[in-house]
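The values are calculated or read from the model by the stated rules, or taken from the named source; none is laboratory data. Please read all numbers here as calculations on a predicted model, not as lab measurements. Neighbour counts are summed over all protein chains in view; Cβ atoms, including those assigned to glycine, are modelled from backbone coordinates with ideal geometry.
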Amino acid sequence: MIQQLKYKTLLYAEDDILTQTLYKEYFENFFEIVYLAENGQQALEIYHDKSPDVICLDINMPIISGLQVCKNIRKKDNKTKIILLTCLTDKQTLFEAIELGLSSYLEKPISELKLKQALIKLSGQFKTQSKELICSENDQYYFWDKEKQQLLRDNEPVHLTKSEKRLLELLVTSQHHVLDYHQIYNYVWFDNMDQEYSERSIKSLIKRVRSKLPENIIMNSYGLGYFINK
């Protein structure tokens, strides 16, 4: 079940550099990308810039506390999963944290077993795998978000037209199978009776989508059609 995290992104906020380094190496075993923050303000900046799927943060951090970071996020966002780490035993703080809809609340020092149990619980909260990794190049990651029908570059949306979205969706979901011109035409323009079949139009569409991805991702099998080289 924990495999459901492998294409998810994590923001890990911890002000102790040694602890941060140790946990980062651990988290990288489970998450596709791990972003790091050393204080609450930096954590909020990364959250707004990268839109991570999961946030793991220490409650006691400089500038802005982890609890306040959670409160700021929950004003508009109830979907991002949050794990709060703390050395505190203050019951009032605990009650405030629980009301924020956390995925887990763990007291430090945290054993590897408890952390893994928290990640297993977390993975179960992702009912379906929304994001699928297409490729990576020069530390940039390209995902297809099936739920939102978006191409993401490092979690930033890449603009696609309606027909470009349908083409990319077809290629990603076809699992390397070669698609001929008729299959592409029928999928992309199934609801547009005014669009006549044209190999030139299909080639033009493929060229546009190719320009928004790294080279050699959309490949041509001579005489057969196109497939995605993930």
Complete set of residues in segment 143-197 that are outside any helix (DSSP H, G or I) and either in the same structural domain as K50 (by TED's automatic domain parsing) or acidic (D, E) (or both): D145, E147, D154, E156, D180, D191, D194, E196
Among residues of segment 33-90, those that are part of a helix (DSSP H, G or I) and of a type in the set (K, R), counted: 3
Test: S136 is of a type in the set (S, T, N, Q) and outside any helix (DSSP H, G or I): yes
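Identify, please: which residue in segment 117-139 is in contact (Cβ under 8 Å) with a residue 24 or more places away in the chain and polar (S, T, N, Q) and is, among those, surrounded by the most Cβ atoms within 10 Å (Cβ to Cβ)?
S123
So which residues in segment 11-30 are outside any helix (DSSP H, G or I) and within 14 Å of A118 (Cα to Cα)?
F30
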Answer from L100, L119 - the residue that is at pLDDT below 80, within 26 Å of the chain's Cα centre (by Cα) and not assigned by TED's automatic domain parsing to the domain that holds L170: L100
Residue in segment 40-48 that is over 22 Å from R153 (Cα atoms) and either surrounded by 16 or more Cβ atoms within 10 Å (Cβ to Cβ) or not small (G, A, S) (or both) present: yes
